[in-house]
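Take this structure first; my questions come after.
The values are calculated or read from the model by the stated rules, or taken from the named source; none is laboratory data. A quick note: this is a predicted structure, and the numbers were derived from the prediction, not measured. Neighbour counts run over all protein chains shown; Cβ positions are idealised from the backbone, glycine included.
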């Protein structure tokens, strides 16, 4: 019998009214939407690489053309096709996001696993290093890494590899950016993996490996990583949109992908120049320059977050137990 002071609702089991799209439709919608955006970006690379910087013939002052049958997304201020630039920019933004997220996951997993498994003074020193890195401004770290790596990579690509100066400079900018983003985005991953390893190393199967003298690399590879797969996959899925957003933000500020190479970030930055036309009727508004890059970026981030939330619901053991 319920106590006199208890609320009648406290004994009633309420049905699960969580929205269906979060549990089932959300991940499927995210996967389909991501496929519809990413597949054309990567499948058209042979054509977009050769056409993204081609200027159409037009009269001076009339290079900006609205969307039409010949140019579905319109053209920019130099008469270049916005469709090809958005496709190549999407491939670059997605590629940088995937590579930077993979680098961050790899560094964070290794760092956190070693720290949690070794413990003691080494664990304390490694975690204090993470705390110091957390205290430094993110943009400052990225700028410092970019400034230090960009000249070296440019000389390497244009010297021993024999690339022309402009392609070498473009490639060096992309590689520098993904290294900079991945090199400072692993801190949260390291803390998450360390916490998981601290709980796993007290399990009997880890103590058994110590008793038989298994070396630490074998313990990490054979015993810890299989138990960390769910956490790693979930974090990697959620880290990709963060890396893409960081690349777009840095390119928007002018310290990311360098022109004339496009990315969704610098395309959106160029489109922002059309915003003053909203406040001044005398100025013409070239809305397509801002709409299409921002729309593609927003839909991609939405798709990746829906997919990441779905994987977290499915692979997180605590949520599954509930």
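Regarding the range 69-81, can at least one residue be identified that is under 25 Å from residue 274 (Cβ atoms), in contact (Cβ under 8 Å) with a residue 12 or more places away in the chain, part of a loop (DSSP other than H, G, I, E, B) and under 26 Å from the mean Cα position of the chain (by Cα)? Quick ask: steps written out before the conclusion?
Our first condition is that a residue be under 25 Å from residue 274 (Cβ atoms); within the range 69-81, this holds for 69-81.
If we keep only those that are in contact (Cβ under 8 Å) with a residue 12 or more places away in the chain as well, we get 71, 73-81.
Right, trim to part of a loop (DSSP other than H, G, I, E, B) and you get 71, 73-74, 76-79.
Restricting the remaining residues to those that are under 26 Å from the mean Cα position of the chain (by Cα) gives 73.
Yes, because at least one residue in the range 69-81 is under 25 Å from residue 274 (Cβ atoms), in contact (Cβ under 8 Å) with a residue 12 or more places away in the chain, part of a loop (DSSP other than H, G, I, E, B) and under 26 Å from the mean Cα position of the chain (by Cα).
Does residue 299 satisfy the condition of being more than 13 Å from the chain's Cα centre (by Cα) and touching a residue at least 40 places away in the same chain (Cβ under 8 Å)? Give the steps one after another, and end with the answer.
On the way: more than 13 Å from the chain's Cα centre (by Cα): yes; touching a residue at least 40 places away in the same chain (Cβ under 8 Å): yes.
Answer is yes for this residue.
Of all the residues that make up the range 139-152, how many are surrounded by 15 or more Cβ atoms within 10 Å (Cβ to Cβ) and touching a residue at least 60 places away in the same chain (Cβ under 8 Å)?
3
If I go through the range 39-69 residue by residue, how many of them are modelled with pLDDT of 85 or more, in contact with a strand residue (DSSP E or B) (Cβ under 8 Å, 6 or more places away or on another chain) and surrounded by 13 or more Cβ atoms within 10 Å (Cβ to Cβ)?
3
Give the residues of the range 260-288 that are under 15 Å from residue 90 (Cα atoms) and touching a residue at least 24 places away in the same chain (Cβ under 8 Å), sorted by residue number. Explain how you work it out, then say what you get.
Taking the range 260-288 first, the residues under 15 Å from residue 90 (Cα atoms) are 260-269.
Result: 260, 261, 262, 263, 264, 265, 266, 267, 268.
What about residue 247, is it within 30 Å of residue 63 (Cα to Cα), in contact with a helix residue (DSSP H, G or I) (Cβ under 7 Å, 6 or more places away or on another chain), in contact (Cβ under 8 Å) with a residue 24 or more places away in the chain and surrounded by 18 or more Cβ atoms within 10 Å (Cβ to Cβ)?
Numbers: within 30 Å of residue 63 (Cα to Cα): yes; in contact with a helix residue (DSSP H, G or I) (Cβ under 7 Å, 6 or more places away or on another chain): yes; in contact (Cβ under 8 Å) with a residue 24 or more places away in the chain: yes; surrounded by 18 or more Cβ atoms within 10 Å (Cβ to Cβ): yes.
Taking the combined requirement at face value, the residue satisfies it.
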